[in-house]
1. Work out the charge dipole of the chain with +1 on the Cβ of Lys and Arg and -1 on the Cβ of Asp and Glu about the Cα centre, then indicate which of Ala187, Ala374, Ala539 is farthest towards its positive end.
2. Could you tell me which of Pro569, Leu490, Gly295 has its Cα farthest along the dipole of the chain towards the positive end, charges placed at Cβ (Lys, Arg +1; Asp, Glu -1), taken about the Cα centre?
3. Could you give the nm distance between label points at Lys388 and Met1, where each point is 7 Å from its Cα heading toward the beta carbon?
4. When a/c reaches 1.5 or more, the comparison of a/b and b/c decides; with that in mind, is the stretch 351-460 rounded, prolate or oblate per its Cα gyration tensor?
5. Kindly write out, for the stretch 545-558 in residue order, the coupling ³J(HN,Hα) from the Karplus curve 6.51 cos²θ - 1.76 cosθ + 1.60 (θ = phi - 60°), rounded to whole Hz, with x marking Gly and Pro.
6. Please list log₁₀ I(q)/I(0) at q = 0.10, 0.15, 0.17, 0.22 Å⁻¹ for the stretch 140-231, using the Debye equation with identical point scatterers on the alpha-carbon positions.
7. Using a Förster distance of 25 Å, how high is the FRET efficiency between Ala678 and Asp470, based on the Cβ-Cβ distance and rounded to 0.05?
8. For Ala576 and Ala500 in the same chain, what is the full-extension length gain: residue separation times 0.36 nm, less their Cα-Cα distance, in nm?
Amino acid sequence: MTVSIISENGIAVVTIDNPPVNALSQALRQALVEAVAKLDADAAVKAVVLICAGRTFIAGADVSEFGKPPQPPHLPDVVATIEGARKPWVAAIHGSALGGGLEVALGCAWRVAVASASLGLPEVKLGIIPGAGGTVRLPRLIGPAAAVELVTSGSPVDAKKAEGLGLVDAVIEGDLLAGAIAFANGAAGKTRPEPISSRAVAPVEAGFWEGAEKAVAAKAKREAAPLRALASVRRASETDFASAMAFERETFLDLRGSQQASALRHVFFAERAAPRPPELAGITPRDIRSAAVIGGGTMGAGIAAALRDAGLPVILIERDAAAVERGLANVRAIYDGSVKRGRMTQAIADARMAGVTDSGDYGLLADTDLIIEAVFEDLSVKRAVFEKLSVVCRPDAVLATNTSYLDPDAIGEGIAHPERFLGLHFFSPAHIMKLLEIVPTGTTAPDVLVTGFALARLLGKIPVRAGICDGFIGNRILKVTRAQAERLLLSGATPAAVDAAMRAFGLPMGPFEAQDLGGLDIAAFQRKAARERGEMPFAPVADRLCALKRYGQKTGGGWYDYQPGDRAPKLSDTVAAIIAEAAESRAQRAWDEAGIVDAILLPMVNEATCILEEHVALRAADIDLVKIHGYGFPRWRGGPMHYAEGRGLSEVVAVLDRLAADGLAEPPSDGLRRAAKAGGFSVLAG
Ligand code: T1G
């Protein structure tokens, strides 16, 4: 970490260089305070430009310091020192001015930015609020309404928007440093603006805060930080600067130690580590400049759109002309939907579509870099596809299957150059869902595996390496979720109670509602395959419902009943009767929310521990990412593994022992007992 100072013609340039993102470590905070003192004492200096080396302006406080006691100088004091400096400072922004970085800029007299810069206060995404004046200075600079939006959403704005808000004073065309020095020279001669801390806050209309509270609460759901951030902006708008700063700091420190903040930090670092797994460091991926998708159904079309959205030309292959037409229509429907929802212009949608070549001719793939198969989930159908690809594709082309349940080793058996083959398991809708399970076979080459991770970065996906087993990581755990949900029904709970408990825990929907949305027939298909393999999947009620062709919303009834055209679930007497019959000889009990959550979540953790022990997953954090980005597990809980560690693995083992004793769950695995003894899952990591 360095802070260098160069002075010329009365303008001092303070350059921060603290890779990778100029985070405000203790040392950097100290250096900034010293820089103010030094430059205040330098009579030749009339103004200061603060700029950063590397790819970005200050991206915030150093999040890796959060688990430790705060060290002086504290950031509010650093910002106050810059704001109180005798020479005016100009913040010169490129890349991202985020969190503490924007707060430092708010301490400066002026802010200038290049057009590509983005500015924001994302602290709520880390379960905290700004802690160095962001909620106090921002309403004084840009007004309460704009401040509320920035602080409670955590979403950044670009430089142009920031200029419109008054957050930056100028957008610099060309070289940032030269532009900032010119700006400083011009500004130094003018009256220095009033420090933001002493400015008044523009009044708001009656009812503004109540309206804002409703809107923020609706979006935040169970996340605590957005409403606390709103309260801090309100306090800042209704009281003096010093009391507002004290309120903000108290709130910040309180949230920083919270479970939600610890969970969101865990996810923050897990997401940043995921694209570059240490075990693959130093291996160069193969170039991917062109792609193809075999199969234009829901998954194939979504994958084609994801590839197009990343700028790759795509060839969409289907078995015949009619199927090709349908496939293309599926891709077009995705873009029409994005235009309709205002997420894309028609021009961009047309350009995306123009990059899709549809055909039934595999011969077109002779020079394609990456081919992803997404046809019907049947082994012989998939093998037939790879037999053809094996012949027409380049020996170094990467071949992938999007299977979610079949064994990639079996699918790829016998193809030429098997080292170029792997599983790439997308989640529906594939152009939206962030998760990508990357499944190497026994023969996948390391550079092909790395190419899967590089593809994920290109597509903006969260990649997780998964070993081969039935359902890989996510669906294997999902099977336990569903089996446990059924065990609850047979011991006295109802679908509505189970769904309500899981929603209250933070999931977007409960296991039964989710099955009705996705269709019960998909899981029935997998259970049939599992039984043919000699396994005994537990789904006594679901089996009965499928026998009655109750597949969910699409058939007007599944776990719930549905009126035509209405997706609202209605309690079903038919289902209640089937449950009562299946539960006949079983012990019944009263289930409260916490009991239901434990009976579903802790067996999931138990299964996840087996997955870790078998090295199907290499890290507990990977399992957390799978459940968060593929199955709607609440981020602010950190994922099932982080949640379990937070809860205490010994307690998890004890609850599971009790459930197992009552025949309501599998007993804790040896790995879980070992992890409980060791105080964490890292003892099991691959
Ligand atoms: N602290 C520590 N490390 C950080 C960091 C931070 N704030 N931001 C990024 N890193 C690391 C990251 O772990 C990775 O490490 C590397 O930098 C590159 O990150 C008082 C309290 C800036 C948009 O929330 O959004 O200020 O994996 O892969 O895609 O009010 O990083 O290479 O070892 O993400 O180019 C508020 C978080 C903090 C911004 C760059 N700030 N960072 O994206 O690179 S709270 C944030 C980002 C705060 C004050 C409060 C992004 C980025 P490694 P990357 P990128």
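1. Ala187
2. Pro569
3. Rounded to a tenth, the inter-label distance reads 5.8 nm.
4. Rounded shape, in that the Cα axes give a/c under 1.5.
5. With the stated coefficients, the stretch 545-558 comes to 4, 5, 4, 8, 6, 8, 9, x, 4, 5, 10, x, x, x Hz.
6. For the requested q values the scattering log ratios are -0.39, -0.75, -0.88, -1.16.
7. Efficiency for this residue pair is about 0.35.
8. This chain segment gains 25.7 nm when fully extended.
Read-outs throughout are calculated quantities, based only on the coordinates presented, and are distinct from any laboratory measurement. All values reported here derive from a predicted model rather than from experimental measurement. Every residue, glycine as well, gets a Cβ built from its backbone with ideal geometry; the counts of neighbours run over all protein chains shown.
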